[in-house]
Structure formats: C-alpha cells, structure tokens
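Asks: What follows is a single structure, and I will ask about it in a moment.
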Amino acid sequence: MRRVVWIVVAAGALLLALDFRARLQPVYHGPPGSKPLVIEGTPGPALAFSIPVASLQSGLVTLAPPPEGLVIHYWATWNRESAAEIAALDSLVRSGQCPAQVVAVTADPMPSVARYARRRHITLAILLDPGRALEPVAPLKAIPSTYVFDSHGRLLVYREGPVDWWAPRTLETLRATARSGDVGPGPAGT
C-alpha cells in the first residue's frame, strides 16, 4: 500500500513540475524568419486620430492612441505566415508582458475570422476593416505588417513581415511605447 501511495505522490509531483515548466516558457515566438521590432530613427509627427472600426468582440469601437501606446497588427486567416504569428502575439498579450494596447486588424469576412479566433482560442482585440478605415493612419501595405504608435499618436515603428514577438528587443520597443514621453515631445498642448 505504501508503495502505491509513493508512486501516486511521485507522479503528481512530476506532473506539477512539468506544468510549472510549461507555464514559464512562451510556446511560440513567431514563424521562421521573424525579426524583432526595433525603434530606428526619430518618431514621426504626432497624429490626432479617432477612427470608428468594427470589432469582432464588441461591435463598433473608436480607435485612438491610448496612454500606454498602440500596436496595430495587420493579419489574415488565409495567410499562413500571419496566421501563425497571431498565436505568438496573443500569447504575449495574455502573459501581461506587453504594456501597449494591441489590436489585430483584418479585412477578412467576419464569419471566417470569428471561427478562426474561436478554434484557436485567440483573445486579442480583433478589428474588422474591409473598408480600410485605418488607411489614413496605418495604410495596409503588406500582410503581415505592424505599426507601433506612442500615446501621442507618433509612429515609432513600421514593420512589414513577421515579428518575433518574444524577442528581447521587441519587448523593449513595446515598453518604450508606454514611456512615450521619453521618446520626444508630443503634439502641441499636451
């Protein structure tokens, strides 16, 4: 009887250790060839924008630069590279290590996006922009592509192609959006 108890205790301890180890390691960094987001040069001019866009989760929302900065990531369910990358971005946001507000933007039809997000347990804020309402602020040039704005609406980074969301330089860039006052002056009057 004691032997059975020890086997059960050892098996339980092993399962707990494996579960704890799995929680410590991010599952997915991004597709092969992913690169970190890095601020290069000086920020662009401050843009005052407030754009209504359809949200998969909550109907119509108004997109504006929040105090913690904003990441706009274009992706598509049909694009293997960007669809794989969305899992890494979602895991980063879920981990709490991304201080910026993140929105994933797609022009795909709502039913296929909803089905895709449900099947893959994606919890990111997903915006549906088939009419390209975001074009004046963040033009869609490639899929995947990423824009990072600070709290003043200044463009800090634009990247075409996949991003390694867990790279230390990417995490530092995302933290810099929250410290946007460190980057330079905001729009007049702020």
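Laboratory data are not the source of any read-out in this text; all were calculated from the coordinates shown. Just so you know, these numbers come straight off a predicted model, no measurement behind them. Here Cβ is always computed from backbone atoms with ideal geometry, including for glycine, and neighbour counts include all displayed protein chains.
Asks: Specify whether the C-alpha gyration tensor of the stretch 69-169 places it in the rounded, prolate or oblate class, a ≥ b ≥ c being the square roots of the eigenvalues: rounded for a/c under 1.5, otherwise prolate if a/b is larger than b/c and oblate if not.
Replies: oblate
Asks: Shifting gears a bit: What ranking of Arg154, Arg132 emerges when the number of other C-beta atoms within 10 Å of each C-beta is taken as an exposure proxy, fewest first?
Replies: Arg132, Arg154
Asks: Can you figure out the FRET efficiency of Lys35 with Arg80, using R₀ = 22 Å and their beta-carbon distance, to the nearest 0.05?
Replies: 0.80
Asks: Report the full-extension gain for the segment Arg94 to Arg119: residue separation times 0.36 nm, less the Cα-Cα distance, to one decimal in nm.
Replies: 7.3 nm is the gain from fully extending Arg94 to Arg119.
Asks: Arrange Phe49, Phe149 by Cβ neighbour counts within 10 Å, fewest through most, would you?
Replies: Ascending Cβ contact count within 10 Å gives the list Phe49, Phe149.
Asks: How big is the shadow of the Cα convex hull of the stretch 90-139, averaged over all directions, in nm²?
Replies: 3.9 nm²
Asks: Oh, and also: FRET efficiency for Arg179 and Arg132, Cβ-Cβ distance as r, R0 = 30 Å, nearest 0.05?
Replies: The pair Arg179/Arg132 has a calculated efficiency of 0.45.
Asks: Count the net charge of all other residues whose Cβ sits under 13 Å from the Cβ of His121, scoring Lys and Arg as +1 and Asp and Glu as -1.
Replies: Net of charged neighbours comes to +4.
Asks: Can you sort His152, His73, His121 so the residue with the fewest Cβ neighbours within 10 Å comes first?
Replies: Ordered by Cβ neighbours within 10 Å, fewest first: His121, His152, His73.
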